[in-house]
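Input: a single structure, listed below in structure tokens.
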Amino acid sequence: MVTIAVDAMGGDHAPKMEVEGAVRASRSFGVQVVLVGREDVLRKELAEYDGWQHLPIQLVHASEVVTMEDSAAKAFRAKRDSSIRVASRMVRDGLAQGLVSAGNTGAAMATAKMVQGMIPGVDRPALASAFPTVKGTPAVIIDVGANVDSTPQMLAQFAVMGSIYSHLIFRTEKPRVGLLSIGEEEHKGNELTRAATPLLKGLPINFIGNVEGRDVYTGAADVIVCDGFIGNVALKVSEGVVDITKYLLQQSLKATITRQIGYVLSRAAFADFRKRVDYSEYGGAPLLGIKGVCIICHGRSNANAIKNAIRVAAEFAAGRVDQRIEEGVQHFAPVAVSARAD
């Protein structure tokens, strides 16, 4: 049985959502879940669920909590018994095969990097998120928030990891890799994108050049590379667009009697639409470049998101995705090393 450690104290609504998500995941997926946090608080929350003692759920005590206000450096140096650090140590020591956290993204990334270690050939980990496209195949955006400031060499490494990830997870035969910029022409963009272009061209990947923001959803590229600042803005704007689209669509369908009848008839289609764009169905974003599996969730994740993040972590662990990415990165090692040396 795959074991997944959950940072039960990290999210905006912790530990309620983490506990409910863990209970639902252990019932649905046959996954052993370890809830890491203040044991007395977790036991009190678990008491709301009859028969939880018969589920594959364990508790591991961690006396400290990393808040959203803590800097990554402070969280790592000062809070050595935090729930995220204890959970990360479990993955490092082989007591769990994956980690899920809806807590402070910077702290989670720094902790995973320092405790679990980095894949050789990768300088910084990156968050990869799958966006729906009109072609029906997802586009992987990397990075969506792990690195606010990136170097051209880091973007080259993100491109390699994103290409491998798209191939492994979405079975893309030869992923088309684009660099997110303000125009398709090579000379357009900022200093970072212009400096990254020759590095991406020199990699043995299917690099197609610059892509624009609208191409996130057109399916023009299978992998879109950007720094974490831009990627996170794109992610949050997309979430806002989804929310307002759902609201406006629902209000429009209910505006008149005729539309109300149409709404009743189209409820199944509307429910399908909501499910397809609901972030909680995807769970979270994998942190690529570290040893072991780490899934980072939205801070406001609900129980369904935590449940699905546990599922994704278990699938990654069972499929040895992190190890296969490491093997793939090693294949590109000579190019990556020369890029860093520049």
Residue-by-residue Karplus 3J(HN,Hα) for the stretch 199-211, coefficients 6.51, -1.76, 1.60, Hz, glycine and proline x:
5, 5, 5, x, 7, x, 10, 8, 7, 10, x, 6, 10
Helical mean residue ellipticity (222 nm; -39500 (n - 2.57) per DSSP H run of 4+; nearest 500) of the chain:
-14500 deg cm²/dmol
Relative contact order of the chain, pairs being alpha-carbon contacts under 8 Å that are 6 or more residues apart, as %
22 percent
Kirkwood-based shape ratio for the stretch 96-196, expressed as Rg/Rh from alpha carbons:
0.98
So the compactness index of the stretch 1-160, its C-alpha Rg divided by 2.2 N^0.38 Å, takes the value 1.12
Kindly write out, for the stretch 92-100 in residue order, the coupling ³J(HN,Hα) from the Karplus curve 6.51 cos²θ - 1.76 cosθ + 1.60 (θ = phi - 60°), rounded to whole Hz, with x marking Gly and Pro.
4, 8, x, 7, 9, 9, x, 10, 10
Where both partners of a DSSP beta bridge lie in the chain, what percent of those bridges are antiparallel, to the nearest 5?
25 percent
Just check the chain against the gyration tensor rule for me: Cα atoms, a ≥ b ≥ c as the square roots of the eigenvalues, rounded for a/c under 1.5, and otherwise prolate or oblate depending on whether a/b exceeds b/c.
oblate
Using a Gaussian network model of the chain with C-alpha springs under 10 Å, which one of A220, A313, A195 is most mobile by mean-square fluctuation?
A195
So, in Å, what gap is there between the alpha-carbon centers of the stretch 44-100 and the stretch 124-145?
27 Å
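What's the whole-number percent of alpha carbon pairs in the stretch 1-87 lying beyond 15 angstrom?
55 percent
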Arrange the peptides 4-12, 86-94 so that the one whose residues have, on average, the most other Cβ atoms within 10 Å appears first.
4-12, 86-94
At a Cα cut-off below 20 Å, give the aspartates and glutamates reachable from K291, other chains included and same-chain residues fewer than 8 away excluded.
D7, D93, D123, D143, E315, D322, E326, E327
Listed residues L288, L248, V223: farthest to the positive end of the dipole of the chain (Cβ charges):
L248
How large are Rg and Dmax for the stretch 52-136 when calculated on the C-alpha trace, in angstrom?
15.3, 48
So, in Å, what gap is there between the alpha-carbon centers of the stretch 291-315 and the stretch 192-241?
24 Å
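Every number in this text was worked out from the coordinates using simple rules, so none of it is lab data. Computed from a predicted model, the values in this text were never measured in an experiment. Please note: Cβ atoms are built from the backbone with ideal geometry, for glycine as well, and neighbour counts cover all protein chains shown.
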